[in-house]
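A short worksheet on the structure shown next.
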Amino acid sequence: MQGGDALHILKDISFAVQAGESVAIVGASGSGKSTLLGLIAGLDVPSAGSVQLCGASLFALDEDARAQLRGARMGFVFQSFQLLPALSALDNVMLPLELAGVADAEVTARGWLKRVGLEGRTGHYPKHLSGGEQQRVALARAFAPSPAVLLADEPTGNLDAETGAAIIELLFELNRERGTTLILVTHDDALAARCERVLHMQGGVLREAVRAATG
């Protein structure tokens, strides 16, 4: 509520993302991008409407069931990395695997840390890792459980240009390898252009960008 009136953040949004597709959502700060991502993840509950994920209606489920579905089907990469400070790099990657009941969680986690170039940093805690290293751990953690959908919220926002470029290369490389559906929120038009589709958010309204013809 604002001044006694309801505050509508998102307005009449409807779109679909196909399995294996990469989609960027771009827009200025405050346009509603992160709110939309929170709804897609089932972290926020809308006042109206629905979200379908892998055949399930998210908001027909209770909070525990939504959390279970997220753990089984979604991976997340955040601007601020969101690593648990009391856990080593290895333990951060192992955590979602253990929660999913993966028997060889440590072996899988070590394999993913090697894949992102951090096999020598498995015992290090987040405070002893650079920003780029922390985001590599976050990528390993996101991809390790083999999610169907990866949600990335400004994944280079806290990184310098060179480090951010390397992280994006790795993100798209891993995404291609795994065939994951990618939904990327960013304010960077050049980064968004690497996705197959670009959706523009402005004032809570979502519109699909028209790409120029090539060839």
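Numerical summary
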quantity: Helix 63-73 vs. the chain, principal-axis angle (Cα, 0 to 90°, nearest 10); calculated: 60 degrees
quantity: Principal axis dimensions, largest first and in whole angstrom, of the chain by Cα; calculated: 51, 46, 38
quantity: Charge-dipole axis of the range 71-215 as Lys and Arg at +1 and Asp and Glu at -1 on Cβ define it, positive-most pick from Leu83, Ala100, Asn158; calculated: Ala100
quantity: The chain, relative contact order in percent, only Cα pairs under 8 angstrom and at least six apart counted; calculated: 34 percent
quantity: Protein accessible area in the range 97-215, 1.4 Å probe - carbon and sulfur %; calculated: 49 percent
quantity: Per residue accessible area in Å² of the range 20-146, where ligands, DNA and RNA are left out and the probe is 1.4 Å; calculated: 48 Å²
quantity: Which of Lys114, Lys11, Lys33, Lys127 is most accessible, then next, and so on - probe 1.4 Å; calculated: Lys127, Lys114, Lys11, Lys33
quantity: Protein-only accessible surface order, largest first, of Ile168, Ile13 at 1.4 Å; calculated: Ile13, Ile168
quantity: Ranked order, Glu173, Glu154 - accessible area, probe 1.4 Å, largest first; calculated: Glu173, Glu154
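The values are calculated or read from the model by the stated rules, or taken from the named source; none is laboratory data. Just so we're clear, the structure is a prediction, and the values are computed from it rather than from any experiment. No Cβ is skipped: glycine too gets one built from the backbone with ideal geometry, and neighbour counts run over all protein chains shown. Areas reflect the complete protein model, heavy atoms only, side chains present, ligands, DNA and RNA absent. Shrake-Rupley method; radii C 1.70, N 1.55, O 1.52, S 1.80 Å.
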